[in-house]
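Reviewing the structure listed below.
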Amino acid sequence: MELTDLTIVQQAALIGAGEVSARQLVSAHVERSERLQPLLNAFVVIDRDQALLRAEMIDRRKHRALPLTGIPIAIKDLIDQRGLPTTAGSSFYNAVPAKTAPVLRRLEEAGAVIIGRTVLHEFAFGFSSENPWTGPVRNPWDLELSTGGSSGGSAAAVAARMASGAVGTDTGGSVRVPAAVCGVTGLK
C-alpha cells in the first residue's frame with residue numbers, strides 16, 4: 001500500500017509514531033500530483049520546493065504532537081497565502097496578499113503542509129470547473145465527466161490522492177457538489 005492510499009488518520013499515526021517522516025509523506029503526494037497533473041489539471045501550481053522545505057522543518061523539530069503534522073493539504077486558489085499570488089481563477093486578478101487567510105493559518109499551526117493551489121471556476125462563480133484560463137479540471141474517475149464546481153480542483157486532488165485533504169469555499173454547494181461528484185466528503 002502506498003502512503004497516498006492512507007487516510008489522514010492513518011498518515012498522522014505513522015508520523016506520530018516516527019514510522020514515516022513528514023518529508024516522505026509530502027514527497028509521495030507531490031510526486032503523485034506532478035505525475036497526474038497533466039491528466040487531471042487539478043492544480044494551478046504545485047509548490048514542491050516550499051512543501052518539502054516545510055516538511056523538512058517539521059521533521060527537524062521532531063514535534064509530532066500536532067493533529068495535522070506533516071499532512072499534505074491543497075488549497076483553492078481563492079484563499080490567500082501571504083506572498084503567493086491569488087488569482088481567483090482569473091487572468092484579470094493576480095493579487096499578492098500581505099496576510100494569510102485564517103483557515104490556512106490554522107491549518108499550518110496544526111502542522112499541515114500546503115502542497116499547492118487548486119483550479120476553480122473563474123471567480124468561484126459557477127458549478128463546473130471549466131476555466132477558460134487554466135483549462136478544465138477532469139474527474140479522476142472518468143476524464144470525460146465534470147468535477148462540478150467551483151472547488152473542482154480541490155475535490156479532484158483529494159479523490160486522486162494528490163493531497164490528503166483540501167480546502168475550498170462553499171456558498172451554494174461549491175465544496176459539496178464537487179466532493180459528491182468526485183466521490184469524496186466535502187463539508188461546508
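What follows draws every value from the coordinates through simple rules; no lab data is involved. What you see is a predicted model, and the numbers here were worked out from it, not measured in a lab. Counting neighbours? That spans all protein chains shown, and the Cβs are built from the backbone with ideal geometry, glycine included.
Rounded, prolate or oblate: which fits segment 1-148 when a ≥ b ≥ c are the square roots of the eigenvalues of the alpha-carbon gyration tensor, with rounded for a/c under 1.5 and prolate only if a/b beats b/c? The shape class here is oblate. Couplings for segment 172-183, taken from phi via the Karplus curve 6.51 cos²θ - 1.76 cosθ + 1.60 with θ = phi - 60°, read x, x, 5, 9, 5, 5, x, 4, 4, 5, 9, x Hz in order; Gly and Pro are left as x.
The chymotrypsin sites (Phe, Trp or Tyr not before Pro) of segment 100-139 that DSSP puts in a loop, and whose beta carbon has at most 16 other beta carbons within 10 Å, are 125, 133.
Does segment 1-67 come out rounded, prolate or oblate, given a ≥ b ≥ c as the square roots of the eigenvalues of its C-alpha gyration tensor, rounded meaning a/c under 1.5 and, failing that, prolate meaning a/b above b/c? Taking the square roots of the gyration eigenvalues as a ≥ b ≥ c, segment 1-67 is oblate.
For residue 31 and residue 171 in the same chain, what is the full-extension length gain: residue separation times 0.36 nm, less their Cα-Cα distance, in nm?
47.2 nm is the gain from fully extending residue 31 to residue 171.
Take the chain and mark each of the GluC sites (Glu not before Pro) that is in a DSSP loop with at most 12 other Cβ atoms within 10 Å; the longest unmarked stretch, sites excluded, is 20-143.
Springs join every pair of Cα atoms under 10 Å in this Gaussian network model of the chain, and among 168, 83, 70 the largest mean-square fluctuation is at 83. Going from the residue with the fewest nearby Cβ atoms within 10 Å to the one with the most, 9, 177, 45 rank 9, 45, 177. If you run the Gaussian network model on the chain, springs between alpha carbon atoms under 10 Å, then out of 156, 95, 51 the most flexible one is 95.
Less than 5 angstrom separates the built amide H of residue 167 from those of 74, 75, 76, all sequence-distant by 5 or more or on a different chain. Of all beta bridges that DSSP places with both ends in segment 3-182, some 50 percent have antiparallel geometry. When both segment 120-183 and segment 1-31 are represented by their alpha-carbon centers, they are found 24 Å apart. Tally Lys and Arg at +1 and Asp and Glu at -1 over the other residues with C-beta under 13 Å from the C-beta of residue 87: what net charge comes out? Once positives and negatives cancel, what remains is -1. Note on segment 3-182: with charges restricted to the Cβ of Lys and Arg (+1) and Asp and Glu (-1), its dipole about the Cα centre is near 540 debye.
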